[in-house]
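Following: one structure in structure tokens, then a few remarks.
A short reminder: the numbers here are calculations on the coordinates, not readings from a lab. As the structure is a prediction and not an experimental result, all values here were calculated from the model. Please note: Cβ atoms are built from the backbone with ideal geometry, for glycine as well, and neighbour counts cover all protein chains shown.
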Amino acid sequence: MNIPSNIVTLVLGIALTLVSLWYGQNHGLMPIAASDEAEAIDGIFDVMMTIGTGLFLLVQGILIFCLVRFRRRKGDTQDGPPIEGNVPLEILWTAIPAVVVFLLSIYSFEVYNSMGGLDPHASHDVGLHAHHSNSMNQKNMLALDLSSKNLAYGLGLPSESQEPVNLKVKVNAMQYAWIFNYPQGAIVSGELHVPVGKTVELDMEASDVIHAFWLPEFRIKQDVIPGRVTELVFTANKVGQYPIVCAELCGAYHGGMKSVLYVQTPEDFQQWLKDNSVEESSGETQKISSVAASAESQFIVPHIKSLGLLPEPEQLDQLHSNH
């Protein structure tokens, strides 16, 4: 029985669509989603996996079909037909990827904007108006430039958001450790503790080179730049501990620049604050040094030993003196 080619094409198209949709939603390639922001990012990834799976199956299916259907038969010594091209087909396979990329760009733009990534924070407008206003005198321009240095860039709360920030933590990135400074109780730590279900704001700055604060399970990443404060706002929704990774090549021991984020219940977090609070005194400086040394011994030294690159003690002393 000869089945019409259009029926075969329709059935194959439906099967391709169903397989792509199923795999796009069940790929299992992402780690656990532990923040409110992760849902939107996973949505983009699922759409991309659905489209990518469909295109992969379509292209590979056509290639396999052509290899079988148009293979050279035994005893066939003739040249193939002189086919020069198919303009409508070339337009089609150029237009479809262009439309897909355009739609994904709009989708990702909306998600990034909803996370506060494109919020002006007032500083973007300040710089624009300061340099393009002919009526502004030099004194006012200098005042605007100075004030803009106190404004943060990054993933913050959108201006129209009514959601309050429950916890602010200052983050200092240095080769090769993360230092977290809590205003409450003057706590300085080499690990980050946050309460579950609360909005947290990180005000981050680097003391040496560019770093990148990355939380894979939270689907967020933000550059940390010397001389400029970058902001990162998130809400953890699952209790647990999650790795903090530097995602920017920052030096020889970049791979050892790791820490841990502990998401705790509000009660456990308050207890942690109580247990770790110290008075603001000269002893805080000593605690910062001990935190840096602890981070080095916990994360850097094992990594260096595994590579056989452990430096001499004199070299480590010189590294400490530079920071």
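As a rough footprinting exposure proxy, the listed residues MET49, MET115 were ranked by other beta carbons within 10 Å of their own, and the order from fewest upward is MET49, MET115. Pairs over the 19 Å Cα-Cα cut-off, from the set LYS238/LYS258; LYS170/LYS238; LYS168/LYS274; LYS168/LYS258; LYS168/LYS198: LYS238/LYS258; LYS170/LYS238; LYS168/LYS258.
When the chain is fully extended, how far beyond the present Cα-Cα distance does ALA98 get from THR77, taking 0.36 nm per residue of separation?
3.5 nm
Of SER189, SER277, the sequence from fewest to most neighbouring Cβ atoms within 10 angstrom is SER277, SER189. Placing R0 at 22 angstrom, the Cβ-Cβ distance between VAL59 and LEU10 gives a FRET efficiency of 0.70 after rounding to 0.05.
Footprinting exposure proxy ranking of THR77, THR235, THR94, fewest other C-beta atoms within 10 angstrom first, gives THR77, THR94, THR235. For the listed peptides 167-177, 207-217, a ranking on the average number of other beta carbons within 10 Å per residue, highest first, reads 167-177, 207-217.
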